[in-house]
Amino acid sequence: MDSETGAIKSRGCYAHLGFNVTWKNKLVSVTYANAVWFLLTGEWPKTGHHIDHINDDSLDNTPTNLQELTEEANQAKRRG
């Protein structure tokens, strides 16, 4: 992962929004923002938390634009 842009490259491919991974024989969908967060912090979002795009641009997954919020705080931000 590029720590400035959040770009994840694998075998010449570029993931745009998310991808599916197999974990313990189960297919799991991972959003691009969550993958960047995991690679940045080494942890998945806590239960009941979401990775929020600070500038509200869901395509801007630069690490400085991501923050972990509770579900309640994320909903309050969406309502303005």
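Summary table
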| quantity | calculated |
| --- | --- |
| Inter-label distance for Lys46 and Glu71, nm, one decimal - labels placed 7 Å from Cα along Cα-to-Cβ | 1.5 nm |
| Gain upon complete extension [Thr5, Val30; 0.36 nm per residue less C-alpha separation] | 7.2 nm |
| Residue-normalised accessible area of the chain, given per residue in Å² at a 1.4 Å probe | 74 Å² |
| Area accessible to solvent at Lys26, 1.4 Å probe radius, in Å² | 140 Å² |
| Theoretical ellipticity at 222 nm over the chain - DSSP helices of four or more residues, -39500 (n - 2.57) apiece, nearest 500 | -7000 deg cm²/dmol |
| Lys/Arg +1, Asp/Glu -1 at C-beta; the chain dipole; positive extreme among Trp44, Phe19, Ser3 | Phe19 |
| Solvent-accessible surface (1.4 angstrom probe) belonging to Leu27, in square angstrom, nearest 10 | 130 Å² |
| Computed accessible area, Val28, all protein chains, 1.4 angstrom probe, square angstrom | 60 Å² |
| Cα-centred dipole magnitude for the chain, charges only on beta-carbon of K, R (+1) and D, E (-1), debye, nearest 20 | 400 debye |
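The values are calculated or read from the model by the stated rules, or taken from the named source; none is laboratory data. This one's a predicted model, so the numbers in the text were calculated from it and none came from an experiment. No Cβ is skipped: glycine too gets one built from the backbone with ideal geometry, and neighbour counts run over all protein chains shown. Please note that ligands, DNA and RNA were not included when accessible areas were found on the heavy atoms of the full protein model with its side chains. Shrake-Rupley method; radii C 1.70, N 1.55, O 1.52, S 1.80 Å.
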